[in-house]
Amino acid sequence: MICPDCQSTKINKNGLKRGKQNHICLACRRQFIDIYSNRGYPQEVKKHCLHLYLEGKGFRRIERLTGVSHNTVINWVKEAGNSRSTEPDYDEIPEIAKER
């Protein structure tokens, strides 16, 4: 095992943190755990919730169906809305109707 900061191999065990083994680097004194787990929901759950929203389901209805907090779904919808482009999809701007 090596230190993520200084790359030293002088590592000691240093108790438990949230049920996982904690380590300390003797060279730089940084504490870390050996395995980090991903937090949050899988992408499939996020896509399913956004799909339900696009179908017209309410946030609390989505919460009851999927078990995901309605606040989380609201944040996902905001995030998806902010990532959309505000520019039109077409290449040319249509001309205004000409007078006769």
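Values computed for the structure shown
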item: Solvent-free Debye scattering, log10 I(q)/I(0), computed from the Cα coordinates of the chain at q = 0.18 Å⁻¹; result: -0.84
item: Size of charge dipole - the chain - debye, nearest 20, with Cβ of Lys, Arg +1 and Asp, Glu -1, no other charges; result: 1040
item: Inter-probe distance in nm under a simple model that places probes 7 Å from Cα toward Cβ, at Ser69 and Glu55; result: 2.5
item: Surface share of carbon and sulfur [accessible, 1.4 angstrom probe, percent] for the chain; result: 48
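The values are calculated or read from the model by the stated rules, or taken from the named source; none is laboratory data. Here the structure is a predicted model, which is why all the values come from computation and not from measurement. All Cβ positions, glycine included, derive from the backbone under ideal geometry; neighbour counts span all protein chains shown. Heads up: the accessible areas ignore ligands, DNA and RNA and are worked out on the full protein's heavy atoms, side chains in. Shrake-Rupley method; radii C 1.70, N 1.55, O 1.52, S 1.80 Å.
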